[in-house]
Amino acid sequence: MYESLPALWKVKSKEYTDRNKKSKAYDKLLEIYRERYPNATREDVAKKINSLRTNFRKELRKTNDLRKSGYYYESTLWYFNTMKFLIDEETATEVNDSGNVHEDECKVS
């Protein structure tokens with residue numbers, strides 16, 4: 001469901017900056033989330049999304065680091081494959097020793 005709501009995750013889309021579309025997308029997710037957690041709020045949904053994405057990002061980084069080292073690693077995170085649509089959105093911004101900021105795109109083969 002989350003994948004079908006680019007207003008919540010696709011930073012480079014026009015929908016992402018449209019507050020009305022973003023609000024409607026949260027409402028759709030909240031409706032589904034309330035089937036399991038009847039008293040859930042929009043804040044609860046936002047926190048859950050943040051948690052899922054944070055864990056996905058960590059697992060993606062781990063996967064990429066191990067593959068660069070020559071090891072094969074298959075994620076054990078149960079929703080990792082489901083969230084692979086986020087790979088292009090998940091870029092790691094790092095500050096190198098000289099203080100310059102550069103982006104390394106995260107790719108999974």
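The values are calculated or read from the model by the stated rules, or taken from the named source; none is laboratory data. Keep in mind that what you see is a predicted model, and the values were worked out from it rather than measured. Virtual Cβ from ideal backbone geometry, glycine too; neighbours counted across all protein chains shown.
Remarks
- If the condition is being within 20 Å of the chain's Cα centre (by Cα) and surrounded by fewer than 12 Cβ atoms within 10 Å (Cβ to Cβ), then the range 32-43 contributes only Glu43.
- Breaking point among (1) part of a loop (DSSP other than H, G, I, E, B); (2) in contact with an Asp or Glu (Cβ under 9 Å, 6 or more places away or on another chain), for Arg53: (1)
- Enumeration of residues in the range 27-71 that are β-branched (Val, Ile, Thr) and either within 19 Å of Leu86 (Cα to Cα) or touching a residue at least 12 places away in the same chain (Cβ under 8 Å) (or both): Ile32, Val45, Ile49, Thr54, Thr63
- Whichever residue in the range 44-65 is exposed (fewer than 13 other Cβ atoms within 10 Å of the Cβ) and over 16 Å from Tyr2 (Cα atoms) and, among such residues, is nearest to the chain's Cα centre (by Cα): Lys58
- Checking each residue in the range 55-87 for being polar (S, T, N, Q) and under 20 Å from Leu30 (Cβ atoms) picks out only Thr82.
- Every residue from the range 73-101 that is assigned to a loop (DSSP other than H, G, I, E, B) and either among the β-branched types (Val, Ile, Thr) or at pLDDT 90 or above (or both): Tyr73, Glu74, Ser75, Thr76, Leu77, Trp78, Tyr79, Phe80, Asn81, Thr82, Met83, Ile87
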